[in-house]
Structure formats: structure tokens, C-alpha cells
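The values are calculated or read from the model by the stated rules, or taken from the named source; none is laboratory data. As the structure is a computational prediction, the values presented were derived from the model and not from experiment. So basically every Cβ, Gly included, is an ideal-geometry build from the backbone, and we count neighbours across all protein chains shown. Side chains included, ligands, DNA and RNA excluded: accessible areas come from the protein's heavy atoms. Shrake-Rupley method; radii C 1.70, N 1.55, O 1.52, S 1.80 Å.
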Amino acid sequence: YAWRCGVQLSHLTLSQPYTVQQSLAILSDFAINGGIDLLIFDMPLSLQNEPRTSLKLSSTLGRLLAPLSKNESALLFLTSLPAESHAAYPAQATLPHFATLRLQLSKERWLYKERDVRGYEAQVLIAKNKLHTPGQNVRIDITFNGTVEGDSV
């Protein structure tokens, strides 16, 4: 799927550290040394809520904001929220404070072409945007051929 979306797999590095501390150290190394266009960090909400992890994450992100802006890298955190939360991100969480842009995606329905699933429709809530007004909702179609189409914001 990544290849179909235009990702050059030969340039893709996947790291699966054993601990949060190890992953934050790797994140720091990549962010400070540059040469990376996009860093994706998949962090479960349960880990973010642990006080020790939250403190370490806050310290690491505080050090990385300047290097990331200088080398034009983007840092993307993926977090799954519990289904019953409905747009509620825990107030004590570290990530919302540091985010420039926070999007909340909610899958609405599968998209079919005849009997085959070709993607899904999602609602996107712009929960935070330091560069524009937050709070807008956008409907998008994410297809398995690498395209995203939807409303303009």
C-alpha cells in the first residue's frame, strides 16, 4: 500500500524499539541529524498516560522542536483513541501541547467498487491548528490506490 501511494520503499527505515526510552532516543537521533523528511511515531494512548513516559516525551519533544524546524522534517504521532471517547483527548496528555496540527480521523464507512473494498470514507476533525482556525470537519475518501479526495477546507 505504501508503494502504491508513492513511498520509495528503498528509502524507508522501520525501527521497532523494545522500550519507550529507546524509541525516544532513536527519535532524537533522527530528528537532530536530519536527512529525514518524515518521522512517524506510533504511540498508544496508554503509554502516553504513564507519568514517567509523559515526562520523558515532554522533555524529548521540547529539545526536538528547533532541530525539526531547521531541517524541515515532519514528525507525525499516531494514537488510537478509545471508541467511547468521541473526540476527547486526555487533558493531561503531552502530545496536544506540542502539536502544530492535530487531526482526528473517524472511519465512517467502507467504499466499494462492485464487490471489492476500494477504500474508506472518513471524517476528519481539525482539533488543533496553530496556523489556521481549528474545529472544522472535513469528509475524505482514502482509497487503496494511494489517493485522498475530499472537501476543501
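Worth a mention:
- Of LEU24, LEU57, LEU47, all but one fail to be assigned to a helix (DSSP H, G or I), of a type in the set (A, V, I, L, M, F, W, C) and farther than 21 Å from GLU72 by Cα; the exception is LEU47.
- Note on the stretch 116-133: residues that are touching a residue at least 24 places away in the same chain (Cβ under 8 Å) and open to solvent by less than 70 Å² (accessible area, probe 1.4 Å) total 8.
- Evaluation of ALA31 against (1) surrounded by 14 or more Cβ atoms within 10 Å (Cβ to Cβ); (2) in a strand (DSSP E or B); (3) of a type outside the set (Asp, Glu) (one fails), failing number: (2)
- Taking first residues from the stretch 134-148 that are at negative phi and open to solvent by 70 Å² or more (accessible area, probe 1.4 Å) and partners that are acidic (Asp, Glu) and in a loop (DSSP other than H, G, I, E, B), the Cβ contacts under 8 Å between residues at least 6 apart in sequence or on separate chains come to ARG139/ASP151.
- If you check LEU95, LEU57 for being in contact with a helix residue (DSSP H, G or I) (Cβ under 9 Å, 6 or more places away or on another chain), under 30 Å from GLU149 (Cβ atoms), open to solvent by less than 90 Å² (accessible area, probe 1.4 Å) and aliphatic (A, V, I, L, M), only one passes: LEU95.
- Members of the stretch 107-153 that are of a type outside the set (Asp, Glu), part of a strand (DSSP E or B), within 19 Å of the chain's Cα centre (by Cα) and farther than 23 Å from LEU81 by Cβ: THR143
- Unique match (being open to solvent by less than 70 Å² (accessible area, probe 1.4 Å), at pLDDT below 85 and either of a type in the set (Val, Ile, Thr) or out of contact with any Pro (no Cβ under 8 Å at 6 or more places or on another chain) (or both)) among ILE26, ILE36: ILE36
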